[in-house]
Amino acid sequence: MIERLPFNPLQAQQVAETFNAAGVDYLFIWWSGDHSPRHVHVFDGKGKLLGRVVIETKTPLDDWLPTKKAIEIIKDLQEEGRL
């Protein structure tokens, strides 16, 4: 089995910086073994955490309002079996 290193928020920032350079609008991170409810962490293209969204209900967990585009992407990822 491959050794899995613990997640470091700096990793999300580094990925977001790369995505931002490529013109990506959102970065979604989720952990398959995370606590309930199942949710994704949504970052903007600059690495700033916007908030979390419950996967099943598409509702925010935090005090923010996800954009229509972010919700559509979450739906697409779920339909593709990637969430």
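Read-outs: derived from the displayed coordinates by stated rules, not from any lab. Predicted model only: the values in this text are computed from it and were never measured. Glycine also receives a Cβ, built like all others from the backbone with ideal geometry; neighbour counts cover every protein chain displayed.
Tally time: how many residues in the stretch 12-26 are exposed (fewer than 15 other Cβ atoms within 10 Å of the Cβ) and within 20 Å of residue 83 (Cα to Cα)?
Final tally of qualifying residues: 2.
Just the residues that are over 22 Å from residue 18 (Cβ atoms) and loosely packed, with under 14 Cβ neighbours inside 10 Å, please, taken from the stretch 65-79. Before you say what the answer is, go through the steps one by one.
In the first step, residues of the stretch 65-79 are kept if they are over 22 Å from residue 18 (Cβ atoms); the result is 65-66, 68, 71-72, 75, 78-79.
Of everything in the stretch 65-79, those that are over 22 Å from residue 18 (Cβ atoms) and loosely packed, with under 14 Cβ neighbours inside 10 Å turn out to be 65, 68, 72, 75, 79.
Identify all residues within the stretch 16-25 that are in a helix (DSSP H, G or I), aliphatic (A, V, I, L, M) and without any contact (Cβ under 8 Å) to a residue 24 or more places away in the chain; write none if there are none.
Applying the first criterion (in a helix (DSSP H, G or I)) to the stretch 16-25 yields 16-21.
Applying the additional criterion that residues be aliphatic (A, V, I, L, M) yields 16, 21.
Residue satisfying the conditions is 21 alone.
Are any residues in the stretch 27-51 touching a Leu at 6+ places or on another chain (Cβ under 8 Å), assigned to a strand (DSSP E or B) and surrounded by fewer than 19 Cβ atoms within 10 Å (Cβ to Cβ), and if so, which ones?
Result: 28, 44, 51.
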